[in-house]
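Everything below concerns the one structure shown next.
No value in this document is a laboratory result; all are computed from the given coordinates. Bear in mind the structure is a predicted one, so any value in this text is a computation, not a measurement. FYI the Cβ positions are ideal-geometry reconstructions off the backbone, even for glycines, and counts take in every protein chain you see.
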Amino acid sequence: MGGKILKRYSPMVAIDVATKDAALALFDQLTVEPRPILKIGMELYYHFGPAIIKEAQHRGFKIFLDLKLHDIPNTVQRAMFVLGQLGVDFTTIHAAGGSAMVAAGAQGLRAGAAAAGLPAPKLLAITQLTSIDEKVLHNEQHVALSLVESVQNYAQLAEHAGADGVVCSAQEVRAIRQVTGSDFLCVTPGIRPQGFAKGDQKRVVTPHQAHVLGSNAIVVGRPITQASDPVTAYQAIEKEFLTEAD
Ligand code: C5P
């Protein structure tokens, strides 16, 4: 990593559950040190709104609010202004919306946080979803670039437009770092500890591999939320990711 020490965050636990009770049960279980960052996505947020974020914040969690905004710049700016007031720590936007949209989103987010007297959340851009493969890229999006070139293009676009980082596969981190600054964040889902079923994730890496590949933070859902003991599962993953690899 060129001698530069990477900023590493505690693992982000994806709280992909359908009910408030299930979410609260996980929040209560995961009140350990260092606290995980909780990723709240569309399902929970559309059901329960800012109230579910407050429940987590009361328990001392930092929040990654993953709503992947994508609309015209004015609409995204206004929506991000609202999200900036929630006191979350990370949120997401689609780089495919273009540089004007990402810039408007970044501006709205920072203005919303400032209006509420809060620090600005980190804005993470979605490059190509991991559900998009080369075939879809070429035959449906009619993009002539390779998948990795398209990811690099979107990462660069997002950084120039004011995003703080991207959500990407750990296997893309090195390619992204070739075209972005050293502080640009790479947050990586698709994590599976050794021996855990891949489920619907296609290209997975272990927490240790994510560390070696240079992820700033890993997003882990089912290996923690569906474990018989989520706390032990989280702590093992946290240790594996944050411990310096030999
Ligand atoms: O359960 P699992 O560990 O597969 O959960 C991963 C989380 O990361 C889910 O919330 C999923 O939506 C999210 N995610 C992903 N791949 C991306 C972007 C987000 O798996 N490219």
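The label point for Glu149 and the one for Ser182, both projected 7 Å from the Cα toward the Cβ, are 2.9 nm apart. Largest first, the three principal axis extents of the alpha carbons in the chain are 45, 43, 38 Å in whole numbers. Here the gap between Lys20 and Arg59, fully extended at 0.36 nm per residue and compared with their Cα-Cα distance, gives a gain of 12.5 nm. Across segment 18-34, rounded Karplus estimates of 3J(HN,Hα) from the backbone phi angles (6.51 cos²θ - 1.76 cosθ + 1.60, θ = phi - 60°) give 8, 10, 5, 4, 5, 5, 5, 4, 5, 4, 5, 5, 8, 7, 10, 10, x Hz, Gly and Pro being marked x. Between amide H atoms placed 1.01 Å from N, distances below 5 Å from Asp66 occur with Ile40, Gly41, all of them 5 or more places distant or on a separate chain. For segment 206-246, the normalised intensity computed at q = 0.31, 0.32, 0.33 Å⁻¹ comes to -1.06, -1.10, -1.13 (log10 of I(q)/I(0), Debye sum over alpha carbons, equal scatterers, no solvent).
Restricting to Cα pairs below 8 Å that are 6+ residues apart, what does the relative contact order work out to for the chain? Please round to a whole percent. Relative contact order for the chain comes out at 19 percent. In segment 1-140 the Cα-Cα distances spread across 10 Å bins starting at 0 as 11, 36, 34, 16, 2 percent of all pairs. Normalised by the number of residues in segment 166-246, the mean separation of alpha-carbon contacts (under 8 Å, six or more apart) gives a relative contact order of 30 percent. If R0 is 22 Å, the Cβ-Cβ spacing of Asp229 and His208 corresponds to a FRET efficiency of close to 0.60. Entry note, segment 13-142: relative contact order of 20 percent, from Cα contacts under 8 Å with a spacing of 6+ residues. With distances taken between every two different alpha-carbon atoms, segment 113-246 has a Kirkwood hydrodynamic radius of 16.1 Å. Amide H contacts of Val220 (H built 1.01 Å from N, in plane; Pro and chain starts excluded): Met12, Val13, Ala14 sit under 5 Å, all sequence-distant by 5 or more or on other chains. Please give the residues of segment 19-48, grouped as numeric ranges, whose backbone N is less than 17 Å from a label point set 7 Å along the Cα-to-Cβ vector of Arg8. The answer is 33-37.
Charges on Cβ only, +1 for Lys and Arg, -1 for Asp and Glu, centred on the Cα centroid of segment 152-223; of Val212, Gly165, Ala175, which one is farthest towards the dipole's positive end? Result: Val212, furthest along the dipole toward the positive end.
Across all Cα pairs in segment 97-151, the calculated P(r) in 10 Å bins from zero up to the longest distance comes to 21, 35, 24, 16, 4 percent per bin. Pairs from the table (Lys7/Lys122; Lys7/Lys202; Lys4/Lys62; Lys68/Lys198; Lys62/Lys198; Lys20/Lys198) lying more than 18 angstrom apart at Cα are Lys7/Lys202; Lys4/Lys62; Lys68/Lys198; Lys62/Lys198; Lys20/Lys198. Residue ranges 230-242, 131-143 sort as 230-242, 131-143 when ordered by packing (mean number of other C-beta atoms within 10 Å per residue, highest first). Packing-based ranking of 159-171, 187-199 yields 159-171, 187-199, ordered from highest to lowest mean Cβ neighbour count within 10 Å. Put a dot 7 Å past the Cα of Gln141, heading toward its Cβ, do the same for His160, and the two dots end up 1.7 nm apart. In this simple spin-label model, placing a label point 7 Å from the Cα along the Cα-to-Cβ direction at both Ala114 and Glu33 gives a separation of 3.6 nm.
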